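A short write-up of the structure that comes next.
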């Protein structure tokens, strides 16, 4: 008789729903348990490949391999003996001392757009995330290149020399002319002028 009562209770609609839920939970647990047994591939996020809009493919590890944790001692990348700023001033038609330590703020933007942009991968955002407080105005405590390791500095010196060579080219008449030639040669983006002077 007791067995008959249990059978009757189990057949009530509420008990049937509860049993369905229990069965469903057991199936899900079984499914997840079997997935846990499948060997998962080890995946290193730093080796994942990323592609920039210009087609450059890089990994986070490649970027980190060029960057230091702490800033190195200051050693000028643009010494006064280097004609980079002299040519920049000339092509822009700027007056003033190109050897002065404080230069127009646009110079920093140009260096980011045309020198740091040449690095494979997305180096510039990593450099900009580094702890680098403002000292006064727009002058920061460290120059971005102080966070590059020796390999990164060597590459940057080459990029600077490439820019100087193109600026010295007799066919380069203005900064805009330089921008067009340089970005075309090294596959960088440039803002085109709508109105020519």
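Please verify whether residue 126 is closer than 23 Å to residue 51 by Cα, buried (at least 19 other Cβ atoms within 10 Å of the Cβ) and under 27 Å from the mean Cα position of the chain (by Cα), treating the condition exactly as stated.
Details: closer than 23 Å to residue 51 by Cα: yes; buried (at least 19 other Cβ atoms within 10 Å of the Cβ): no; under 27 Å from the mean Cα position of the chain (by Cα): yes.
Taking the combined requirement at face value, the residue does not satisfy it.
Just to be sure I understand, how many residues within the stretch 129-146 are surrounded by 16 or more Cβ atoms within 10 Å (Cβ to Cβ) and more than 14 Å from the chain's Cα centre (by Cα)? Before the answer, list the steps.
Of all residues in the stretch 129-146, those surrounded by 16 or more Cβ atoms within 10 Å (Cβ to Cβ) come to 130, 132, 142-146.
Subsequent filtering for residues that are more than 14 Å from the chain's Cα centre (by Cα) retains 132, 142-143, 145-146.
Here the count works out to 5.
Are there any pairs with C-beta distances below 9 angstrom linking a residue in the stretch 127-149 that is more than 18 Å from residue 102 (Cα to Cα) and assigned by TED's automatic domain parsing to the domain that holds residue 115 to a residue that is modelled with pLDDT under 85 and part of a strand (DSSP E or B), with the two at least 6 apart or on different chains, and if so which?
127/67; 130/67; 147/67; 148/67; 149/67
Which members of the stretch 168-189 meet the condition of being within 12 Å of residue 113 (Cβ to Cβ) and within 25 Å of the chain's Cα centre (by Cα)? Outline the logic, then answer.
So in the stretch 168-189, the residues within 12 Å of residue 113 (Cβ to Cβ) come out as 175, 178-179, 182-183, 186, 188-189.
The answer is 178, 179, 182, 183, 186, 188, 189.
How about the stretch 13-48: which of its residues are under 30 Å from residue 121 (Cα atoms) and either modelled with pLDDT of 75 or more or surrounded by 10 or more Cβ atoms within 10 Å (Cβ to Cβ) (or both)?
Keep residues of the stretch 13-48 that are under 30 Å from residue 121 (Cα atoms), which gives 40-48.
Listed by number, the residues that qualify are 46, 47, 48.
The values are calculated or read from the model by the stated rules, or taken from the named source; none is laboratory data. Note that the coordinates shown come from a computational prediction; the quantities given were computed from them, not determined experimentally. Note that each Cβ is placed from the backbone with ideal geometry, even for glycine, and that neighbours are counted across all protein chains shown.
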